[in-house]
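Written below as structure tokens is the structure these notes are about.
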Amino acid sequence: MEKEAPNLPVEVISYILHFLSTSDRKEASLVNRAWYAASLDQSLQKNVFYHLQGTSDSLEFIRDLGQRQASCVALSDLDASATSKMVVQNIALHLAPHLKKLFLRDSNITESSFMALVPSCRNLRGLDLSGCNSLFLPGTLLSTEESKARTAKALVDLRELNLSNLRYLSDLIFNRLTECTPKLQMLALAACPIAFEFDPYRGLKMYNSTGMLTLNSILSLLCKQAATLKCLNFSRTSITSEAIQSVVQVTGLHLEVLLLRHCKDLTDDAVCAICMCQPGLTTLDLTGCAELTNRSVSAVTGLPYLEHLFLGKIRLLTDNGLKNLSTIPTLQTLDLSECYQVSGLELVKGFVLPQARASLVSLNFSCCTMVKDSCVFSMGTILCESLQVLDLTSCVYITDFSVCVITNYLKGLTTLRLGWCKEITDKGLLGLNIANNNRQLGMKDEKPQITTESDMEPSKEKEGASLKTLTCLKELCLTACTKLTDASITREIRFQELKTLTLSMVREITDESVISIAAHCRSLEGLALNHCAHLTDQGMIAAACHMKRLTNLEISCCDKITNQALEVLMQQCKWLRSLDVSMCGGLLIADIERLQHFHPRLTSVKAKYMGVWTCVPDSLNETG
């Protein structure tokens, strides 16, 4: 097969690469020149972001990215320096014609640099200016007709505009900027200090305020672009119930996505108005809206096209409010994290009702401390065909029985998070069922039943499906599952497609586990082993040769790790970009400084020693 690969047409190779993840494409591009040429196909660059820092180190990469026709770039650490200006000029020259998405998030870009870059990007579809306070502080952005005309030509096809976290965003600049974006589909104003009062000037007609952004300007934009706008983000603002009602009632506005995370002033009446006026919503995020109750959830069940619903941190939510969510036919994602009064049983009961039509793909019960094994069993039997993501982090009453249910029923899981479930032991991972009888786990063809704790009878230990039967897993979190040891880790964590593994604070594991994981999880990109005190240089060195795709490694508070292991890791793990060695007693600040000097590809190094942090920010990073 290797001999035939060079003879394949580039178009065929490019088609093959479309089925691979970003990390797999990186490896495949190294086969030979033909495969490298195929990896530069522009269609493969659509969802690949290149992170560039505004320093001289980035200059040498910009021309290469231009040859690749990179379409998505994120810039950081821009300022008024000559070096930053040179970076901007090079991007405008080599990358601007191809750019579809430009992220300037949290950079100190100046107005002159903005005008040198953005008007050159004639194909932009997404622009992120969140946190660029230095750009908006002077209040002169797009103040001339010439600058406004140049920007309007570049942003005529812009679809997504992120203006979040801007302290100095005013009506005047907001109006100038949005007048240049006639085809806007997504607008984000999260964490902006917006005046939502209907008449903040008490009768004075000031519609172009230079001091604040008001609801009047936002409503004016919504009226003008109601036909195109589909997504609004007002998260972490002081938006009131009256204000959100005036937004959703705009004539001709048909939203699909509405994000209202941590809008603490919203009431049930506001949610009812949202559901009544915007029945086409597919995504609704109400996380942290603390005043909401079951009445809001009842209103949400009237959204016939809803796919993603986020209800985390709504403390007043109870089980009774969840039973009818199963009647939403399109519901795929449900987040109930930190809803402390939710046990999940009423939700699961809803899925066995005749009118239930939802097929959940993702379910988040993180920090729902009332969730117990009985809920997991019922959920596993009912959602066995659809569920792919399950988060049970800090569900402290979860035991080996739940693990047994997951491994027997939820074979399609790609993400499983069991962090801080401290009752899980080696027996659970190994498939030794000690919590239930044969009838409950052995008859998958029977109609699912709702099970309570009294229904679960203890039985003799027997071997069943173990963790490694979840062959689709790509992410696994077992943080602080302190009863796990090498006995289960070495036998069960063997997943060809696993990308991210977290075993922090699993204090009993040794080098044996790390070596086994590296040998059997060859696709691993992120590995967290913080507070695993038994790990040594020998284990890390032996594992390094197998972790070719590792990009992120966390080994803080591993006192037996020294500079010897780090040097081998840097030699073997060519893609390693982020390293956390905080509070490693075997390392000195001099070791970290030497590592940063000789391995500049490390874009993020965290090292805390004697209360002092050493950190290197991003320079060039590629993500998918």
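Here the stretch 207-243 is the region considered, the condition is being within 26 Å of CYS289 (Cα to Cα), polar (S, T, N, Q) and assigned to a loop (DSSP other than H, G, I, E, B), and the residue that is most open to solvent (accessible area, probe 1.4 Å) is SER238.
Just wondering, is there one or more residues in the stretch 57-71 that are of a type in the set (Asp, Glu) and either open to solvent by less than 20 Å² (accessible area, probe 1.4 Å) or part of a strand (DSSP E or B) (or both)? Looking through the stretch 57-71, none of the residues is of a type in the set (Asp, Glu) and either open to solvent by less than 20 Å² (accessible area, probe 1.4 Å) or part of a strand (DSSP E or B) (or both).
Being crowded, with 16+ Cβ neighbours inside 10 Å, among the hydroxyl-bearing types (Ser, Thr, Tyr) and part of a helix (DSSP H, G or I): is that true of SER84 here? It is true that SER84 is crowded, with 16+ Cβ neighbours inside 10 Å, among the hydroxyl-bearing types (Ser, Thr, Tyr) and part of a helix (DSSP H, G or I). The requirement of being in contact (Cβ under 8 Å) with a residue 60 or more places away in the chain and small (Gly, Ala, Ser) is satisfied by GLY139. Of all residues in the stretch 513-556, those being in contact with a Phe, Trp or Tyr (Cβ under 9 Å, 6 or more places away or on another chain) and of a type in the set (Asp, Glu) number 1. Scanning the stretch 342-387 for residues that are within 19 Å of LEU311 (Cα to Cα) and aliphatic (A, V, I, L, M) returns VAL342, LEU345, LEU347, VAL348, ALA358, LEU360, VAL361, LEU363, MET370, VAL371, MET379, LEU387.
Residues checked against (1) closer than 18 Å to CYS421 by Cα; (2) among the charged types (D, E, K, R):
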| position | (1), (2) |
| --- | --- |
| THR301 | no, no |
| THR318 | no, no |
| LYS323 | no, yes |
| THR333 | no, no |
| LEU360 | no, no |
| ASN364 | yes, no |
| THR369 | yes, no |
| SER374 | yes, no |
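Among the criteria (1) part of a loop (DSSP other than H, G, I, E, B); (2) over 25 Å from the mean Cα position of the chain (by Cα), the one LYS411 does not fulfil is (2). Kindly provide the set of residues from the stretch 32-64 that are of a type in the set (Gly, Ala, Ser) and at pLDDT 80 or above, ordered by number. If the condition is that a residue be of a type in the set (Gly, Ala, Ser) and at pLDDT 80 or above, then ALA34, ALA37, ALA38, SER39, GLY54, SER56, SER58 are the ones that fit.
Helices (runs of 4 or more DSSP H) fully within the stretch 512-624 that include at least 1 residues being modelled with pLDDT under 95, of a type in the set (Asp, Glu) and buried (at least 17 other Cβ atoms within 10 Å of the Cβ): 563-572, 589-598. Of all residues in the stretch 372-387, those that are among the charged types (D, E, K, R) have Cβ atoms under 8 Å from Cβ atoms of residues that are part of a helix (DSSP H, G or I) and crowded, with 22+ Cβ neighbours inside 10 Å, 6 or more apart or on another chain, in ASP373/PHE401; ASP373/SER402; ASP373/VAL405. May I ask you to list the residues in the stretch 26-53 that are among the basic types (Lys, Arg), touching a residue at least 40 places away in the same chain (Cβ under 8 Å) and surrounded by fewer than 14 Cβ atoms within 10 Å (Cβ to Cβ)? Within the stretch 26-53, just LYS46 meets the criteria.
Applying the condition of being under 17 Å from LEU316 (Cβ atoms), hydrophobic (A, V, I, L, M, F, W, C) and part of a loop (DSSP other than H, G, I, E, B) to the stretch 244-278 and asking which residue is farthest from the chain's Cα centre (by Cα) yields LEU266.
The values are calculated or read from the model by the stated rules, or taken from the named source; none is laboratory data. Because the structure is predicted, anything quoted here is derived from the model rather than measured. Virtual Cβ from ideal backbone geometry, glycine too; neighbours counted across all protein chains shown. Side chains are part of the model used for accessible areas, which takes the heavy atoms of the whole protein and leaves out ligands, DNA and RNA. Shrake-Rupley method; radii C 1.70, N 1.55, O 1.52, S 1.80 Å.
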